[in-house]
Amino acid sequence: MTNPSRKHLVLLGAGRANLQVLRGLARQGRGDLGVTLVAPHPYYIERGMLPGYVAGDYALEDIRIPLDALVEASGAGFVPAHVHALDPGARRVQLSSGDAMPYDVLSIDVEPVVDRDQTEAEMPGARRNALFTWPLESFVQLWPQLQSLAAERALHVAVIGGGRAAVELALACAHALAHPHGTRVTLVSDESPLLASEPPGLQRRMVARLKQLGVTVLQDRCTGLDGRELQLASGARLVCDAPLLAAQPGPPAWLLQAGLPLGEDGLPLVNERLQVEEHRQVFIVPPRAPLELGPVLEANLRTALDGGSFKKVPVQASRLRVLSCGAGRAAAAWGPLTLEGREVWHWKDRRDRRQLASLFKV
């Protein structure tokens, strides 16, 4: 699989940071370094543009970009596989293909997952009846089927989840499916306050948009899905044609079971260089990492392989918060300042398209 005489960098996952590493390798060269990208699918899907795809503002090819040109330009190999296990002590990754891939340095930037076994235990019937929004590759291919069904008759769609992804999805569905038959959308947001982690001004604007687009919000918890009904913690039942599960995803099980130290949030601990202290040849990109993390990650990966000085990674997320509101609108917050409207959407659209194009420009 690899030449044992040269060092081997393995990139697990086609996340933005790992793709920025590939872009850097394409521009600066990889020398005698062996590089392999491992990902389940040969595409990158821009999750920030997913609500726009659901709302009909983007075609699938606008948000799902093939990886082949970038991989070829970087000189890396590509292995289409899932990860089954990570053994950091032996520096080996077990793949769904049956291969055990060795590495000298490992960069993990994988798509988060929803634990379907845990979800099924908390909401019996979810595995059989719900349309999961993760993994994104499956969702973007199934979404047109729901659109086609809504074009034939009125539906009642329930979006299950209380985070920003669920709110954005509910608004996008309400906009996309309202015509021609008046499909209704209900957001089942559990008992917590809606968008509790967002600035208050942004919360108010998003709640106002939900009302404007006719989305019913139930602050109740789904406890089961049975045929065409949702069972709720309050004892009520909600008739539903299409339940969309927008639960908060987390790290894959193989990463949590690799014996790496975990923090209080249940995520693997990394230092300011994104290294796992006990296994410094392992780098992990944290959730909600800054968009332009890749160049510093690339420099640190090269240092881990060839020596030199490490760089401190800017892990502080931006204070700017931008959410899609459906119907060609978006809302943004910077500190106490909030804005909402079509102008914000056009700004977000230009920014997202520019960032996506730059990711694959070599």
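Mean-square fluctuations from a GNM of the chain, with a 10 angstrom spring cutoff on Cα atoms, peak among ASP68, ASP265, ASP226 at ASP265.
Per the Kirkwood treatment, what hydrodynamic radius in Å, one decimal, follows for region 132-176 from the mean inverse distance over all distinct Cα pairs? Provide the component values of the computation, followed by the final result.
Working: mean 1/r = 0.0882 Å⁻¹.
Its Kirkwood hydrodynamic radius stands at 11.3 Å.
Can you check what the net charge comes to around HIS82, using other residues whose Cβ is under 13 Å from the Cβ of HIS82 (Lys, Arg +1; Asp, Glu -1)? Result for the neighbourhood of HIS82: -3.
Nonpolar atom fraction for the chain, defined as the carbon and sulfur part of the 1.4 Å probe accessible area, stands at 50 percent.
Rounded to two decimals, the Cα-based Rg/Rh of the chain, with Kirkwood Rh, is 0.98. Each of LYS312 and GLN355 was given a label point 7 Å from its Cα along the Cα-to-Cβ line. The distance between the two points is 2.4 nm. To test your reading of the geometry: what angle, between 0 and 90 degrees and rounded to tens, separates the Cα axis of helix 16-28 from the longest principal axis of the chain? Result, in degrees: 40.
Within a straight-line Cα-Cα reach of under 13 Å, LYS312 can be paired with the following aspartates and glutamates, leaving aside sequence neighbours fewer than 8 residues apart in one chain: GLU272, GLU298.
In the context of the full set of protein chains, residues of the chain present 47 Å² of accessible surface per residue (probe radius 1.4 Å, heavy atoms only). Highest GNM mean-square fluctuation, the chain, Cα pairs closer than 10 Å: which of VAL167, VAL140, VAL185? It is VAL140. Below 26 Å, Cα to Cα, which lysines can LYS311 reach? Residues fewer than 8 away in the same chain don't count. Excluding near neighbours in sequence, the set is LYS7, LYS361.
Helix-only estimate, please: 222 nm mean residue ellipticity of the chain, summing -39500 (n - 2.57) across DSSP H runs of length 4 or more and dividing by its residues, to the nearest 500.
Details: 12 runs with 120 residues, N = 362.
Calculated mean residue ellipticity at 222 nm is -9500 deg cm²/dmol.
Straight-line reach from LYS348: which aspartates and glutamates fall under 17 Å, measuring Cα to Cα and dropping same-chain residues less than 8 apart? LYS348 reaches GLU46, ASP57, ASP62, GLU168, GLU292, GLU340. Taking the inverse of the mean reciprocal distance over all distinct Cα pairs, the Kirkwood hydrodynamic radius of region 151-204 comes to 11.9 Å. Within region 247-351, the trypsin sites (Lys or Arg not before Pro) that combine a DSSP coil assignment with at most 11 other C-beta atoms in a 10 angstrom radius are ARG288, LYS312, ARG319. Residue-wise HN-Hα couplings along region 189-200, as the Karplus relation 6.51 cos²θ - 1.76 cosθ + 1.60 with θ = phi - 60° gives them from phi, are 9, 6, 7, 6, x, 5, 6, 4, 8, 9, x, x Hz; Gly and Pro carry x. Just how far, in whole angstrom, is region 315-353 from region 266-280 if you go by their alpha carbon centroids? Cα centroid of region 266-280 versus Cα centroid of region 315-353: 31 Å apart.
The values are calculated or read from the model by the stated rules, or taken from the named source; none is laboratory data. Worth saying up front: this structure is predicted, and the values here are computed from it rather than measured. With ideal geometry, Cβ positions are generated from the backbone for all residues, glycine too; neighbour counts draw on all protein chains shown. Only protein heavy atoms, including side chains, enter the accessible area calculation; ligands, DNA and RNA are left aside. Shrake-Rupley method; radii C 1.70, N 1.55, O 1.52, S 1.80 Å.
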